[in-house]
Ligand code: TNX
């Protein structure tokens, strides 16, 4: 190893003379601070190399520099990046990790894990000496995993979360409902999981398949993620993409059904009936459950791809429109969005919605604190920030859609569009149209993996890795210029990094960067 080849690129890397060398993996200092982070780090090393790999020499020491309390930095997301800053000093006599807070210690340890993954060979560790100082550009660096179109096991989700944290991904956006399956147990609505979690699977000759996560499993995932300083943001998609809800409770639709948990993919005309108060009773029960299970400050309420045709023809929806003084059925969506956001306020949560929530808001403007996730391009982000909303950028046009093909070849896995590694590397969540004020409203961005054709976890790995590495670099690294030599430099680091990901047992795309 002649250079570190860290992904995402740290703020500053300074090489020093000499090497840190030891037989076996180095021992780690016991005692405060950062014990929980150290413990996870040891488990990660053990996972890769087994118990026998630890030697009795070498040393990693932790230092806490001027404690940064989360409370102090809570006011703005920008300042939160200070909580994730760290400094690593690698000298011949030992390694020192300095951080002000636990999150920073974890990020620093993941960089060390990267250096171990490439520097530990044949039972001995060699790392060039140097000093790394680092902190993130954005506080929101996410991956969305669609667990509705296909259901993934708890073990698989943990594997992915652990691997994501190697590149400092800190948000797991968990898509828990869609037309093809409902994954959240809600005590007062048992049919959501009894009926809504299973669908016909044509790949298995029409057998019913699916599943849901139990409360215990959800808490397990949330705490597994929290130990890795990843926040889990649940999404329940309302009022569209709701076939699974309607199959369970047909009275919540405009026509009364019959409905089925969809076994096809696309956008369906049957959505929750805007004239039926029962949809808010259901939402309240869902939000109660989410508030109990997820400590996150945020709940994603979806809002994408809602056809208005049923509302336009439904007597109950027409009555609602008249009561509210609306001129078109589409405006019912913004009414629903603002009610849901207010309901979440009572739980102390902030709503996030896909960029469609910006539309038809003439009568019911979006609640000021609502966060918009731009996906159809950058326009949603531009418009939302111009209205003063915070945004999460994950435009399909900029390499953020991991269900797209990594290269434009018919043999490649994926669908709908092309999302190359180069595009992900070049992605900047702050668009050219945003001024300085708008830029301050950009929390960060995400890679999104929709799973219509991702029927196995192994395929999901291939779609996520290594594209998420390019996206993580775009979200963490301070560098905004993405010229050809910079891409070539990234490509060099990526070769080294992919061999690390191999050691974690991940199936990866290895074709052209595009
Ligand atoms: C659009 S992105 C959707 C999803 C699909 C995806 C396929 C978004 C908010 N909605 O329902 O799975 O396209 O790329």
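Does residue 238 satisfy the criteria of being within 16 Å of the ligand (Cβ to nearest atom) and in a strand (DSSP E or B)? Please lay out each step first, then the result.
On the way: within 16 Å of the ligand (Cβ to nearest atom): yes; in a strand (DSSP E or B): no.
It is false that residue 238 is within 16 Å of the ligand (Cβ to nearest atom) and in a strand (DSSP E or B).
I need the full set of residues from the range 148-174 which are closer than 27 Å to residue 280 by Cβ and either crowded, with 24+ Cβ neighbours inside 10 Å or away from the ligand (no atom under 16 Å from the Cβ) (or both), in order please. Step through it out loud before you land on a result.
Going residue by residue through the range 148-174, those that are closer than 27 Å to residue 280 by Cβ are 148-149, 173-174.
Passing the criteria: 148, 173, 174.
Would you confirm, using the coordinates I've provided, whether residue 255 is surrounded by fewer than 22 Cβ atoms within 10 Å (Cβ to Cβ) and outside any loop (DSSP other than H, G, I, E, B)? Don't jump to the end; show me each part of the working.
Working: surrounded by fewer than 22 Cβ atoms within 10 Å (Cβ to Cβ): yes; outside any loop (DSSP other than H, G, I, E, B): no.
When the stated conditions are applied, residue 255 does not pass them.
To keep it simple, each residue is scored yes or no on (1) without any contact (Cβ under 8 Å) to a residue 24 or more places away in the chain; (2) touching a strand residue (DSSP E or B) at 6+ places or on another chain (Cβ under 6 Å); (3) closer than 13 Å to residue 262 by Cβ.
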residue: 177; (1), (2), (3): no, no, yes
residue: 180; (1), (2), (3): no, yes, yes
residue: 185; (1), (2), (3): no, no, no
residue: 204; (1), (2), (3): yes, no, no
residue: 227; (1), (2), (3): no, no, no
residue: 239; (1), (2), (3): no, yes, no
residue: 247; (1), (2), (3): no, no, yes
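Let's see how each residue does on (1) more than 16 Å from the ligand (Cβ to nearest atom); (2) crowded, with 21+ Cβ neighbours inside 10 Å:
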{"position": "176", "(1), (2)": "no, yes"}
{"position": "188", "(1), (2)": "yes, no"}
{"position": "193", "(1), (2)": "yes, yes"}
{"position": "205", "(1), (2)": "yes, no"}
{"position": "209", "(1), (2)": "yes, no"}
Give the range 113-139 a look and list any residue that's closer than 24 Å to residue 470 by Cβ and part of a loop (DSSP other than H, G, I, E, B), or say none.
135, 136, 137, 138, 139
Quick one: is residue 273 crowded, with 23+ Cβ neighbours inside 10 Å, away from the ligand (no atom under 16 Å from the Cβ) and touching a residue at least 60 places away in the same chain (Cβ under 8 Å)?
no
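Quick grid of which residues meet (1) under 27 Å from residue 439 (Cα atoms); (2) out of contact with any helix residue (DSSP H, G or I) (no Cβ under 8 Å at 6 or more places or on another chain); (3) modelled with pLDDT of 90 or more; (4) surrounded by 18 or more Cβ atoms within 10 Å (Cβ to Cβ):
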position	(1), (2), (3), (4)
60	no, no, no, yes
74	yes, no, no, no
122	no, yes, yes, no
126	no, no, yes, no
Residues of the range 258-270 being surrounded by 18 or more Cβ atoms within 10 Å (Cβ to Cβ) and either away from the ligand (no atom under 13 Å from the Cβ) or free of Cβ contacts under 8 Å to residues at least 12 places away in the same chain (or both), in sequence order, are 259, 261, 270
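From 408, 403, which residue is surrounded by fewer than 18 Cβ atoms within 10 Å (Cβ to Cβ) and in contact (Cβ under 8 Å) with a residue 60 or more places away in the chain? Before the answer, list the steps.
On the way: 403 fails: surrounded by fewer than 18 Cβ atoms within 10 Å (Cβ to Cβ).
So the residue among 408, 403 that is surrounded by fewer than 18 Cβ atoms within 10 Å (Cβ to Cβ) and in contact (Cβ under 8 Å) with a residue 60 or more places away in the chain is 408.
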So residue 342 passes all but one of these: (1) in contact (Cβ under 8 Å) with a residue 24 or more places away in the chain; (2) away from the ligand (no atom under 16 Å from the Cβ); (3) out of contact with any helix residue (DSSP H, G or I) (no Cβ under 8 Å at 6 or more places or on another chain); (4) outside any helix (DSSP H, G or I). Which condition number does it fail?
(4)
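Residues checked against (1) touching a helix residue (DSSP H, G or I) at 6+ places or on another chain (Cβ under 6 Å); (2) closer than 22 Å to residue 503 by Cβ:
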residue: 414; (1), (2): no, no
residue: 438; (1), (2): yes, no
residue: 441; (1), (2): yes, no
residue: 459; (1), (2): no, yes
residue: 466; (1), (2): yes, yes
residue: 474; (1), (2): no, no
residue: 480; (1), (2): no, no
Among the numbered criteria (1) crowded, with 18+ Cβ neighbours inside 10 Å; (2) away from the ligand (no atom under 16 Å from the Cβ), which single criterion is violated by residue 358?
(2)
Can you spot a residue in the range 308-320 that is in a loop (DSSP other than H, G, I, E, B), surrounded by 16 or more Cβ atoms within 10 Å (Cβ to Cβ) and more than 16 Å from the ligand (Cβ to nearest atom)?
yes
Considering only residues that are within 16 Å of the ligand (Cβ to nearest atom), part of a helix (DSSP H, G or I) and within 16 Å of the chain's Cα centre (by Cα), which ones fall in the range 414-467?
424, 460, 463, 464, 467
Quick test of your reading of the structure: residue 382 fulfils all but one of (1) closer than 21 Å to residue 502 by Cα; (2) more than 14 Å from the ligand (Cβ to nearest atom); (3) in a helix (DSSP H, G or I). Name the failing condition by number.
(1)
So residue 385 passes all but one of these: (1) closer than 28 Å to residue 432 by Cβ; (2) surrounded by fewer than 21 Cβ atoms within 10 Å (Cβ to Cβ); (3) in contact (Cβ under 8 Å) with a residue 40 or more places away in the chain. Which condition number does it fail?
(2)
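Matching residues to (1) at pLDDT 95 or above; (2) surrounded by fewer than 16 Cβ atoms within 10 Å (Cβ to Cβ):
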site: 1; (1), (2): no, yes
site: 12; (1), (2): yes, yes
site: 26; (1), (2): no, no
site: 34; (1), (2): no, no
site: 44; (1), (2): yes, no
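In the range 394-413, how many residues are part of a helix (DSSP H, G or I) and away from the ligand (no atom under 14 Å from the Cβ)?
In the first step, residues of the range 394-413 are kept if they are part of a helix (DSSP H, G or I); the result is 396-398.
From what is left, the residues that are away from the ligand (no atom under 14 Å from the Cβ) are none.
Qualifying residue count for the region: 0.
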Among the residues of the range 279-307, write down those that are surrounded by 15 or more Cβ atoms within 10 Å (Cβ to Cβ) and part of a loop (DSSP other than H, G, I, E, B).
294, 296, 301, 302, 303, 304, 305, 306, 307
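The values are calculated or read from the model by the stated rules, or taken from the named source; none is laboratory data. In this text, all values refer to a predicted model and were calculated from it rather than measured experimentally. Using ideal geometry, Cβ is built from the backbone for each residue, glycine included, and neighbour counts are taken over all protein chains shown.
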